[in-house]
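As structure tokens, the structure follows; a few thoughts come after it.
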Amino acid sequence: MEKNKPVFHQNRKIAHLLAHHINNTGKYMNRVLQQKLLNAGHRLTSEQWVVLVCLFDRDGQTPTEICEATLKDKPGITRILKNMERNKLVINVDNPEDRRSKRVFLTKSVKKIEKQLLDIAAETERQCCNGISEGELEQCRMVLNKIMNNPE
């Protein structure tokens, strides 16, 4: 390490590499999941999968709530939801509490295969985490949560 090099720059470089590594790991796991879903006859993008999981957790959310839960921007969610509606994965219903907004619901056909989709996702996670103890996974989740909860 150079004596005169500021620590700040060194820490920024490490943070950047960490973000890159986390991002690549997520992309890899999403790619594996997407292939397993496709092999099972389900054409879903990783973006659509994230929205489905959000709705599996609580059906009937507004697009704004989905944005907040998925950390995606409004135009991105609007595009994803339009494609999902065209593919008959979700339906938009007028929000009785606010006529200016809609609520997004899973279609009956998606509700029928929810367990199958979640089982494929769980198997994918088990496969990707093979050789990693439950304690290590919990520690990883805790560290990632700490990163997410740090102030901007």
Filter result (surrounded by fewer than 19 Cβ atoms within 10 Å (Cβ to Cβ), in a helix (DSSP H, G or I) and not hydrophobic (A, V, I, L, M, F, W, C)) within the stretch 44-57: Ser46, Glu47, Asp57
Met142 vs (1) over 26 Å from Lys36 (Cβ atoms); (2) exposed (fewer than 11 other Cβ atoms within 10 Å of the Cβ); (3) at pLDDT below 95; (4) among the aliphatic types (A, V, I, L, M): all pass except (3)
Could you give every pair whose Cβ atoms fall below 8 Å, whose first residue belongs to the stretch 40-64 and is without any contact (Cβ under 8 Å) to a residue 24 or more places away in the chain and among the β-branched types (Val, Ile, Thr), and whose second residue is assigned to a loop (DSSP other than H, G, I, E, B) and surrounded by 14 or more Cβ atoms within 10 Å (Cβ to Cβ), counting only separations of at least 6 or pairs across chains? Val50/Lys72
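Tell me the residue from Thr70, Thr25 that is closer than 23 Å to Cys128 by Cβ and without any contact (Cβ under 8 Å) to a residue 12 or more places away in the chain, please.
Answer to the selection: Thr25.
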What is the number of the single condition among (1) among the charged types (D, E, K, R); (2) more than 30 Å from Leu18 (Cβ to Cβ); (3) part of a loop (DSSP other than H, G, I, E, B) that Lys72 does not meet? (2)
Tell me, which residue of the stretch 78-129 that is at pLDDT 95 or above, of a type in the set (Asp, Glu) and in contact with a strand residue (DSSP E or B) (Cβ under 8 Å, 6 or more places away or on another chain) is farthest from Gln35 (Cα to Cα)? Glu85
The stretch 115-146, residues that are in a loop (DSSP other than H, G, I, E, B) and over 18 Å from the mean Cα position of the chain (by Cα): Asn130, Gly131, Ile132, Ser133
When the stretch 75-98 is checked residue by residue, the ones that are part of a helix (DSSP H, G or I) and either basic (Lys, Arg) or surrounded by fewer than 18 Cβ atoms within 10 Å (Cβ to Cβ) (or both) are Pro75, Gly76, Thr78, Arg79, Lys82, Asn83, Glu85, Arg86
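Provide a single number: the residues in the stretch 99-110 that are in a helix (DSSP H, G or I) and in contact (Cβ under 8 Å) with a residue 12 or more places away in the chain. Give the derivation first.
The initial filter retains those residues of the stretch 99-110 that are in a helix (DSSP H, G or I), namely 108-110.
When the remaining residues are screened for being in contact (Cβ under 8 Å) with a residue 12 or more places away in the chain, the result is 109-110.
The qualifying residues number 2.
Being more than 20 Å from Asn87 (Cα to Cα) and of a type outside the set (Ser, Thr, Tyr) is the filter here, so list the residues in the stretch 97-119 that pass it.
We begin by selecting, within the stretch 97-119, every residue more than 20 Å from Asn87 (Cα to Cα); these are 97-101, 119.
Scanning the stretch 97-119 gives Glu97, Asp98, Arg99, Arg100, Asp119.
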If only one of Gly41, Gly60 is among the small types (Gly, Ala, Ser) and either under 24 Å from Asn149 (Cα atoms) or exposed (fewer than 12 other Cβ atoms within 10 Å of the Cβ) (or both), which one is it? Gly41
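The values are calculated or read from the model by the stated rules, or taken from the named source; none is laboratory data. Small disclaimer: the values here were computed from a predicted structure and weren't measured. Glycine also receives a Cβ, built like all others from the backbone with ideal geometry; neighbour counts cover every protein chain displayed.
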